[in-house]
Amino acid sequence: GAAVAAVVLIPCYATGRHSEKGFYASTIANLQKGRPRMWAPVAYAYFFTAVILRLLTKEARRYARLRTRFLAEGDDDDGPQARCSVVVERVPKALRSDDALTAYFRRLMGADAVHSAVVFVDCRDLEKILKERDAAAAARDAALE
């Protein structure tokens with residue numbers, strides 16, 4: 001990009017005949033309004049934008065190809081479950097078991113598409129109640145001794 005600008009735009013600006021001095025003699029400020037040389041920066045902007053968009057498209061396609069290959073094959077350290085795991089929240093109560101959720105996703109996505117499903121339930125309240133129960137049982141046992 002910069003090489004094209006140096007080869008095309010700077011000579012175009014330097015011969016612009018707007019009588020700028022010093023640094024400004026080699027910038028767009030040296031071009032006269034309404035002259036054909038004013039189209040050079042516009043053409044360069046379109047050209048540079050097209051080149052960048054082409055490079056971005058190539059990179060996006062390459063990334064998609066590599067990502068797809070990684071998800072299909074992975075690397076030697078991980079199994080397919082680690083590469084394609086997802087977190088699902090707000091699971092309906094009827095599906096809050098490993099077997100029920102696995103069967104649901106296999107019906108939805110196909111039997112070969114689902115490795116497994118594991119349900120994790122928030123048990124903080126239950127753990128608090130169990131600690132209170134254990135403390136009460138310990139107090140009871142201490143009182144009986």
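The values are calculated or read from the model by the stated rules, or taken from the named source; none is laboratory data. What you see is a predicted model, and the numbers here were worked out from it, not measured in a lab. Backbone-built Cβ (ideal geometry, glycine too); neighbour counts: all protein chains shown. Please note that ligands, DNA and RNA were not included when accessible areas were found on the heavy atoms of the full protein model with its side chains. Shrake-Rupley method; radii C 1.70, N 1.55, O 1.52, S 1.80 Å.
The selection criterion, being more than 41 Å from the chain's Cα centre (by Cα) and not hydrophobic (A, V, I, L, M, F, W, C), does not hold for ARG61. The condition of being free of Cβ contacts under 8 Å to residues at least 24 places away in the same chain, part of a helix (DSSP H, G or I) and either basic (Lys, Arg) or touching a His at 6+ places or on another chain (Cβ under 9 Å) (or both) holds for ARG107.
ALA82 meets the conditions (1) modelled with pLDDT under 85; (2) open to solvent by less than 90 Å² (accessible area, probe 1.4 Å); (3) part of a loop (DSSP other than H, G, I, E, B) in every case but one. The failed one is (3).
When the test is whether a residue is more than 30 Å from ILE10 (Cα to Cα), part of a helix (DSSP H, G or I) and open to solvent by less than 80 Å² (accessible area, probe 1.4 Å), ALA138 passes it. Screening the stretch 92-115 for residues that are in contact with a Phe, Trp or Tyr (Cβ under 9 Å, 6 or more places away or on another chain) and closer than 22 Å to LEU71 by Cβ and picking the one that is most open to solvent (accessible area, probe 1.4 Å) gives ALA113. For residues in the stretch 43-67 being open to solvent by less than 90 Å² (accessible area, probe 1.4 Å) and hydroxyl-bearing (Ser, Thr, Tyr), which is farthest from VAL7 (Cα to Cα)? Applying the filter and picking the extreme gives THR57. Only one of the numbered conditions (1) in contact with a Lys or Arg (Cβ under 8 Å, 6 or more places away or on another chain); (2) among the polar types (S, T, N, Q); (3) closer than 30 Å to PHE105 by Cα is violated by GLN32, and that is (3).
Total residues in the stretch 119-135 satisfying the condition of being among the β-branched types (Val, Ile, Thr), in a helix (DSSP H, G or I) and exposed (fewer than 10 other Cβ atoms within 10 Å of the Cβ): the figure is 0.
Residue-by-condition table, conditions (1) among the charged types (D, E, K, R); (2) open to solvent by 80 Å² or more (accessible area, probe 1.4 Å); (3) not in a helix (DSSP H, G or I):
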position: PRO11; (1), (2), (3): no, no, no
position: SER19; (1), (2), (3): no, yes, yes
position: ALA29; (1), (2), (3): no, no, no
position: ARG69; (1), (2), (3): yes, yes, no
position: ARG90; (1), (2), (3): yes, yes, yes
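Taking every residue in the stretch 119-134 that is at negative phi and pairing it with any residue that is among the charged types (D, E, K, R), at least 6 positions away or on another chain, the pairs with Cβ-Cβ distances below 8 Å are VAL119/ARG96; VAL119/ASP98; VAL121/ARG96.
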